[in-house]
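Following: one structure in structure tokens, then a few remarks.
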Amino acid sequence: MINKIKEPQPSRFSKWLIKRIFKDEGEVKLGDFMEIYSTLAEEKGRLQARLRFWWYLIRSIPEYFRGSLCIGGTMFKNYLKIALRNIKRHKGYSIINIAGLSVGLMCCILILLYVKYEFSYDRYHENADNIYRVVMKFPGIVYMGSDMYNASPGGLKAALMEDFPEVIYATRATRRRAYIYYKNNPFEERGMFFVDPEFFKIFSFPLISGDPETAVKEPFSMLITQKIAKKYFGNEDPVGKIINVGRKYDYMVTGILENCPENSHFTFDILASFNSLYTTDGKENIETWSGFNDLWNTYLLLQENFNPDDLESKFPAMAKKYGGEDYEGEFHLRPLTSIHLHSDINFEIEANGNILYIYLFSAIAFFIMMIACLNYMNLATARAATRFKEIGIRKVVGADRRHIIRQFLGESMIFTITGLFISIIFVELLLPSFGSFIDKNLEFNFCSDYLLLLYLICVALIVGLISGSYPALFMSALKPVNVIVISIVMIVCTLTVYNQLDFIKNSKLGFKKDHIITGSIFDSNLRNNLELFKTELSRYPQILDVYVNGDLPVTISASNYARWEGLAEGEEGHLTYGAEVNYNFLDFFEIELIEGRNFSKEFTTDTSQAFILNETAVKITGWNEPIGKKYSLWGREGLVIGVIKDFHNTSLHLKVEPMALWLTSPNIPNILNRTINDFAIKISSDDIPGTLAFIEDKFKEYSPDYPFNYSFLDERVDRIYRSEQRLGQIFSYFTFIAIFISCLGLFGLASFTAEQRTKEIGIRKVLGASVSGIIMLLSRNFVKWVLAANVLAIPIAYIAMNRWLQNFAYRTHIGIWTFVISVAMALMIALISVSYQSVKAATANPVDSLRYE
Amino acid sequence: MGMLSRTDEMILLAVWRLEDNAYGVTIAEMLTRTTGKKWVLGAVYVPLERLEKKKYLSSSLGKSTRKRGGRSKRLYKLTKDGLDVLIKTKSREQSIWANITISSLEKGYDK
């Protein structure tokens, strides 16, 4: 027990670095450095000390090496000198190599940053590894192809805290759309969450002011982020101020939160006390085990080292105890840190990432780096032939094999390190646009992230080692084929992704999506006057039709087991989408009726017992005459009155499933008790801004308390394929880079072969060879390589792209044309990059090459 | 005994000035103070080790402090040889600079 108080210490990494570089007995030098650090920390404070210390260290290292070079490093100095001289002498060669390596490394760094960011989601919480989310499985209730839901009953939290000692804390967190009234204008806030006071015991979101223990304890208290504080209060202190939500309830601001990190699976702007909902919704409606009208998300903090499976195994008993003998849901636990990349369940708070894309990106990075390395190997091997004299002389003077290997490796290290520095500059320049392109706020900061720097240096060293070792050790034949293989594979992949995107864009979804405006109605006043609203809108000449009070084709997403006439007792029906629509649904979305009739006001029974099925649903029942048959879904019994053509309510990833339509009616409870609040307006293509302004005016008239938010239906549909579109773009960029690097390599190789054969070409010309003949002679090899590469590339690309296309239920096929175009492109690119050198060599004056002085 | 390089000379003098407290940090500080140019630790280790090898300096491990995270100091001292070479350098210096003042230097400048 010498000293209890801890002296400020430099970072572990810098200590490690010092120990490695300034080697001595007893770590005296490390002690010296630590003393410097302590003095700095005393004088300037820790933060500044860190920065200054790094600066100090960075200046120290080269000084130290400069000193030691003078004693022992004569040989090293010589290597350096020769390497630098070589770089200067063969400028073209060096530029090609450094350019290839730096572009390759740039791709690597960008992708590394992206992957690192994706893995950083939700990891900044102190207890990140012990936080779990409770999710539910409702067997048989399938929504968008999955029966797992991000939902839990409101009473779960209390049960978890009471019955299970291993659950340290539990909290609910639920998002509500909030309309905040400020200076009499409504503002929509999408990031308002209601949370229990335990929220801050589980998650470590920092507060700028306010007490996390009490901030969300009292009803109608809320914490706001800096962003919101700035938006509504400017520079005033918001603590203690009142914010009105929904023109009904006043909330008091009890503190300010730091802005929510973007790498969080849910991002909030406002956190309000959960018990406010007891007043607004009624406590008995929340602390219950039935009804899932609202999404309560429940998170819990588990004791360290407690196996979550053990807790999960106790859940069925809990469900029985609180929810009754035949409780329909099952409870499951999901680790917090897995949510972003591995969750594919319904009602996720925000769109998540996808681990597959991480793999894909990493593979792209790897391949591009491979191309750069292979390029280097090829060029170095090609050039080694001209360096035999140098090696010979070195050996004569006394260098052994090790020295020579060391020299070659050193040279490749110089190339990669230079490449690394240039690539870092590229990354700095490109990062903002790359970040906005993939929609992530990526950062690249060496001061705070020395591990990353270490990674990069490792990558560079490995690359240097790989690309240097080959010519250094083997000096064997050229193999540019592998570079071309990768390029061709990437060209095929890009073309296929684009074909599929094109296919999606042009395939008929089965309903009209152009010139249709969609939006949501929240105002009860407007909801009660829908028909009037509709008539008033219809009067405007540019508005062709209005659809309210029913599902849109893209919002049909809940399914259940249907039963029908002819289905044997006890036999399970088929999962069928249920859609609640208004009378004009088929006309409005131009969906084709192929049999029977549409819903009609003339038949009063239509509101309670008419079904219209799609073709797939009819096919599954096996009926020949569907009209008039009995059908039931979601407990609603009726007769089939019509059959429509299939349309795609979900993405083209999924097959069209059976679907049944029926009329919405206020008297009969609808699916999952949800309120349908979508509307759609069909407009003509003239004067769209004028029409939009008119609609907004009318909307404001009926619903003054809510902002008018709308979107075009075709854009909503496109959004489903956004990740594919992004994939297509990313693929094309990276393919371009891959082609660019391999072109550099081919160009370099061509210049070497031309250079080596200068004399031969001269003699051939003297003997009467034509220019075109010599160009042919020089290009022939490259054409051979491209053709050989195809033999390898085509099967690889075919297998890979077939796999990817399996993801789509509706897909294009990989046509022969894709391959023909790719091969032609590869050939053309190869010839273009070779042509400059071959033309130059072929047109040169033979006198220049044959003259010998 | 050959001539000392300028760096070696300055380091030996710094060690002499610091008497019993000459180790990495203090030597770098002293050099910074006397030369007006910033000396970092990395710049003093190599010459110190070289001078020790030439037997102008001797070193021993000193005590550790909390600031150094418990690591001991390496304290340097001038040897007899070191002192001799400094004396020689000083006398050589004096004879080179004998009777030359700054003003007399300025006078000789060709305008």
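Within segment A:474-494, take every residue that is hydrophobic (A, V, I, L, M, F, W, C) and in a loop (DSSP other than H, G, I, E, B) and give me the one that is modelled with the highest pLDDT. Walk me through it before giving the result.
Restricting attention to segment A:474-494, the residues satisfying the condition of being hydrophobic (A, V, I, L, M, F, W, C) are A:474-475, A:477-478, A:481, A:483-486, A:488-493.
Filter once more, keeping what is in a loop (DSSP other than H, G, I, E, B): A:474-475, A:477-478.
Values: A:Phe474: 53, A:Met475: 48, A:Ala477: 48, A:Leu478: 50.
Selected residue: A:Phe474.
Which numbered condition trips up B:Lys37, out of (1) over 15 Å from A:Glu63 (Cα atoms); (2) more than 11 Å from chain A (Cβ to nearest Cβ)?
Condition not satisfied by B:Lys37: (1).
Given the residues A:Asp545, A:Asp587, which is the only one that is acidic (Asp, Glu), assigned to a strand (DSSP E or B) and either farther than 24 Å from A:Asp714 by Cα or at pLDDT 80 or above (or both)? Before the answer, list the steps.
Numbers: A:Asp587 fails: assigned to a strand (DSSP E or B).
The unique qualifying residue is A:Asp545.
Is there a residue in segment A:34-51 that is outside any helix (DSSP H, G or I), touching a Leu at 6+ places or on another chain (Cβ under 8 Å), within 12 Å of chain B (Cβ to nearest Cβ) and on the phi < 0 side of the Ramachandran plot?
No, there is no match, as no residue in segment A:34-51 is outside any helix (DSSP H, G or I), touching a Leu at 6+ places or on another chain (Cβ under 8 Å), within 12 Å of chain B (Cβ to nearest Cβ) and on the phi < 0 side of the Ramachandran plot.
What is the number of the single condition among (1) modelled with pLDDT under 90; (2) part of a loop (DSSP other than H, G, I, E, B); (3) at negative phi that A:Gly191 does not meet?
(2) is the only condition that A:Gly191 fails.
State the number of residues belonging to segment B:64-80 that are away from every other protein chain (no Cβ under 11 Å) and either exposed (fewer than 15 other Cβ atoms within 10 Å of the Cβ) or free of Cβ contacts under 8 Å to residues at least 24 places away in the same chain (or both).
1
Every residue in segment B:41-60 that is within 12 Å of B:Asp8 (Cβ to Cβ), within 11 Å of another protein chain (Cβ to nearest Cβ) and in contact with an Asp or Glu (Cβ under 8 Å, 6 or more places away or on another chain), please.
B:Pro47, B:Arg50
Look at segment A:208-246 and say how many of its residues are touching a strand residue (DSSP E or B) at 6+ places or on another chain (Cβ under 7 Å) and under 20 Å from A:Arg175 (Cα atoms).
18
Yes/no matrix, rows are residues, columns are (1) more than 34 Å from the chain's Cα centre (by Cα); (2) outside the structural domain of A:Tyr540 (by TED's automatic domain parsing); (3) within 17 Å of A:Ile543 (Cα to Cα):
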{"position": "A:Ser685", "(1), (2), (3)": "yes, no, yes"}
{"position": "A:Thr691", "(1), (2), (3)": "yes, no, yes"}
{"position": "A:Tyr706", "(1), (2), (3)": "no, no, no"}
{"position": "A:Asn709", "(1), (2), (3)": "no, no, no"}
{"position": "A:Phe712", "(1), (2), (3)": "no, no, yes"}
{"position": "A:Gly728", "(1), (2), (3)": "no, yes, no"}
{"position": "A:Thr735", "(1), (2), (3)": "no, yes, no"}
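So A:Asp129 clears everything in (1) out of contact with any strand residue (DSSP E or B) (no Cβ under 8 Å at 6 or more places or on another chain); (2) assigned to a helix (DSSP H, G or I); (3) not hydrophobic (A, V, I, L, M, F, W, C) except one condition, right? Which one?
Going through (1) out of contact with any strand residue (DSSP E or B) (no Cβ under 8 Å at 6 or more places or on another chain); (2) assigned to a helix (DSSP H, G or I); (3) not hydrophobic (A, V, I, L, M, F, W, C) one by one, A:Asp129 breaks only (1).
Out of all the residues in segment A:427-443, which are over 9 Å from A:Leu110 (Cβ atoms) and either of a type outside the set (D, E, K, R) or buried (at least 17 other Cβ atoms within 10 Å of the Cβ) (or both)?
A:Leu429, A:Pro432, A:Ser433, A:Gly435, A:Ser436, A:Phe437, A:Ile438, A:Asn441
Every residue in segment A:594-643 that is part of a helix (DSSP H, G or I) and either closer than 18 Å to A:Tyr583 by Cβ or hydroxyl-bearing (Ser, Thr, Tyr) (or both), please.
A:Asp606, A:Thr607, A:Ser608, A:Gln609, A:Thr616, A:Thr621
Could you please give the count of residues in segment A:25-54 that are within 20 Å of B:Leu75 (Cβ to Cβ) and surrounded by 14 or more Cβ atoms within 10 Å (Cβ to Cβ)?
Matching residues across segment A:25-54 total 12.
Collect the residues in segment A:25-48 that are more than 20 Å from B:Glu29 (Cβ to Cβ) and either under 40 Å from the mean Cα position of the chain (by Cα) or modelled with pLDDT of 80 or more (or both), keeping them in residue-number order. Steps first, please.
Here is the first cut: in segment A:25-48, the ones more than 20 Å from B:Glu29 (Cβ to Cβ) are A:25-27, A:45-47.
The answer is A:Glu27, A:Gly45, A:Arg46, A:Leu47.
Keeping to segment A:689-706, report how many residues are among the aliphatic types (A, V, I, L, M) and either in contact with a helix residue (DSSP H, G or I) (Cβ under 8 Å, 6 or more places away or on another chain) or touching a residue at least 12 places away in the same chain (Cβ under 8 Å) (or both).
2
Looking at segment A:791-822 only, could you name the residues that are crowded, with 18+ Cβ neighbours inside 10 Å and either of a type in the set (Gly, Ala, Ser) or under 30 Å from A:Thr758 (Cα atoms) (or both)?
Once the filter is applied, which keeps residues that are crowded, with 18+ Cβ neighbours inside 10 Å and either of a type in the set (Gly, Ala, Ser) or under 30 Å from A:Thr758 (Cα atoms) (or both), segment A:791-822 yields A:Ala793, A:Ala797, A:Ser822.
Of the residues A:Ala372, A:Ala382, A:Ala351, which is free of Cβ contacts under 8 Å to residues at least 12 places away in the same chain and among the aliphatic types (A, V, I, L, M)?
A:Ala351
Counting only residues that are free of Cβ contacts under 8 Å to residues at least 60 places away in the same chain and either more than 28 Å from the chain's Cα centre (by Cα) or not in a loop (DSSP other than H, G, I, E, B) (or both), how many does segment A:785-814 have?
Of the residues in segment A:785-814, 6 are free of Cβ contacts under 8 Å to residues at least 60 places away in the same chain and either more than 28 Å from the chain's Cα centre (by Cα) or not in a loop (DSSP other than H, G, I, E, B) (or both).
Going residue by residue through segment A:710-730, is there one that turns out to be modelled with pLDDT of 80 or more, under 29 Å from A:Tyr359 (Cβ atoms), in a helix (DSSP H, G or I) and small (Gly, Ala, Ser)?
There is no residue in segment A:710-730 that is modelled with pLDDT of 80 or more, under 29 Å from A:Tyr359 (Cβ atoms), in a helix (DSSP H, G or I) and small (Gly, Ala, Ser).
Can you list the helices (runs of 4 or more DSSP H) found entirely within segment A:303-374 that contain at least 3 residues being outside the structural domain of A:Ala460 (by TED's automatic domain parsing), of a type in the set (A, V, I, L, M, F, W, C) and crowded, with 16+ Cβ neighbours inside 10 Å?
Here the list reads A:315-323.
Output the number of the condition that B:Asp8 fails; it satisfies all remaining conditions of (1) acidic (Asp, Glu); (2) out of contact with any helix residue (DSSP H, G or I) (no Cβ under 7 Å at 6 or more places or on another chain); (3) within 14 Å of another protein chain (Cβ to nearest Cβ).
(2)
How many residues are over 16 Å from A:Phe22 (Cα atoms) and among the basic types (Lys, Arg) when one looks only at segment B:34-50? Talk me through it step by step, then tell me what you get.
As a first pass, look at segment B:34-50 and keep what is over 16 Å from A:Phe22 (Cα atoms): B:34-39.
Then keep just the ones that are among the basic types (Lys, Arg); that gives B:37-38.
Residues that pass the stated criteria total 2.
The values are calculated or read from the model by the stated rules, or taken from the named source; none is laboratory data. What you see is a predicted model, and the numbers here were worked out from it, not measured in a lab. Counting neighbours? That spans all protein chains shown, and the Cβs are built from the backbone with ideal geometry, glycine included.
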